[in-house]
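A.B. asks: One structure is given below, represented as structure tokens, and several questions about it will come after.
The values are calculated or read from the model by the stated rules, or taken from the named source; none is laboratory data. Worth saying up front: this structure is predicted, and the values here are computed from it rather than measured. Every residue, glycine as well, gets a Cβ built from its backbone with ideal geometry; the counts of neighbours run over all protein chains shown. What goes into the accessible areas is simple: the full protein's heavy atoms, side chains included, and nothing from ligands, DNA or RNA. Shrake-Rupley method; radii C 1.70, N 1.55, O 1.52, S 1.80 Å.
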Amino acid sequence: TEFDKKEFKQSLGLKDGDFVVLTVAEFSPGKNYNTMLKTIAELKDTNIKLISCGRGKCEEEIKAQIKELGIEDKVILLGYRKDINRIMQVSDIYFLPSHREGLCLSMIESMNFALPIVTSRVRGCQDLVEEGGNGFLEEKNDYLAFAQDIKKLATDKDLYSAMSAKSKELAPTYSIENVKKQLEDIYNKL
């Protein structure tokens, strides 16, 4: 649906020129917020901001790490949200340095909104990302590499546009219609 993106962005605590890194992930050790926050700390002196949608048992630890790293002005914790589609529309990239994943639905959703992806080289994530195509894959704790990838996407408009277009192109592969057709084909062969 149509909405005022500038106004919505401001309601989230963002400025017009902010480059928005989004994660939609439970506050749990498996989602690797430790590395995520170290990555953002490496980007302290830029206009890059992290928005996190989620909640969980590690919330207090995450808040403490944000304070310890001095990135309170760079990280916005939104908690549980029902308007992820709007948040994705005002975001620039999707970031998830998980220790492990299944087939990450929030990542697929972000691809539908043409977001380039920066993620860890683990099962599930690497199934959705074509390295250099629609995003970057790094070792799960390599916050320096993640920071470099995010900075590249924030500063190289041609690279950003190409990866954005590739995400949008790959997204339908995971649509319910396509998956149903694949299952039908499998059953018909039996």
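A.B. asks: Out of 108, 76, I need the residue that is touching a strand residue (DSSP E or B) at 6+ places or on another chain (Cβ under 6 Å) and touching a residue at least 12 places away in the same chain (Cβ under 8 Å). Which one?
C.D. replies: 76
A.B. asks: With the structure loaded, tell me whether residue 95 is surrounded by 22 or more Cβ atoms within 10 Å (Cβ to Cβ) and either closer than 25 Å to residue 44 by Cα or out of contact with any Asp or Glu (no Cβ under 8 Å at 6 or more places or on another chain) (or both) or whether it fails that test.
C.D. replies: Working: surrounded by 22 or more Cβ atoms within 10 Å (Cβ to Cβ): yes; either closer than 25 Å to residue 44 by Cα or out of contact with any Asp or Glu (no Cβ under 8 Å at 6 or more places or on another chain) (or both): yes.
Here the answer is yes, as residue 95 does meet what is asked.
A.B. asks: Could I ask something else about it? Please enumerate the residues belonging to segment 57-75 that are in a loop (DSSP other than H, G, I, E, B) and either hydroxyl-bearing (Ser, Thr, Tyr) or open to solvent by less than 30 Å² (accessible area, probe 1.4 Å) (or both).
C.D. replies: Residues satisfying the conditions are 58, 71, 74.
Each row is one residue, and each column tells you yes or no for (1) at pLDDT below 90; (2) within 22 Å of residue 37 (Cβ to Cβ).
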site: 108; (1), (2): no, no
site: 118; (1), (2): no, yes
site: 124; (1), (2): yes, yes
site: 177; (1), (2): yes, no
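A.B. asks: Say we look at segment 143-154 and pick out the residues that are surrounded by fewer than 18 Cβ atoms within 10 Å (Cβ to Cβ) and touching a residue at least 60 places away in the same chain (Cβ under 8 Å); which of these is farthest from residue 109 (Cα to Cα)?
C.D. replies: The selected residue is 144.
A.B. asks: Just a yes or no: is a residue in segment 142-152 of a type in the set (S, T, N, Q) and touching a Lys or Arg at 6+ places or on another chain (Cβ under 9 Å)?
C.D. replies: Checked segment 142-152: no residue is of a type in the set (S, T, N, Q) and touching a Lys or Arg at 6+ places or on another chain (Cβ under 9 Å).
A.B. asks: Let me ask you something else. Of all residues in segment 112-128 being of a type in the set (A, V, I, L, M, F, W, C) and either closer than 21 Å to residue 17 by Cα or open to solvent by 10 Å² or more (accessible area, probe 1.4 Å) (or both), which is farthest from the chain's Cα centre (by Cα)? Even if it seems obvious, please write down each step before you answer.
C.D. replies: Let us first name the residues in segment 112-128 that are of a type in the set (A, V, I, L, M, F, W, C), namely 113-115, 117-118, 122, 125, 128.
Among the residues that remain, those that are also either closer than 21 Å to residue 17 by Cα or open to solvent by 10 Å² or more (accessible area, probe 1.4 Å) (or both) are: 113-115, 117-118, 122.
Details: 113: 11, 114: 11, 115: 8, 117: 6, 118: 7, 122: 15 Å.
Here the answer is 122.
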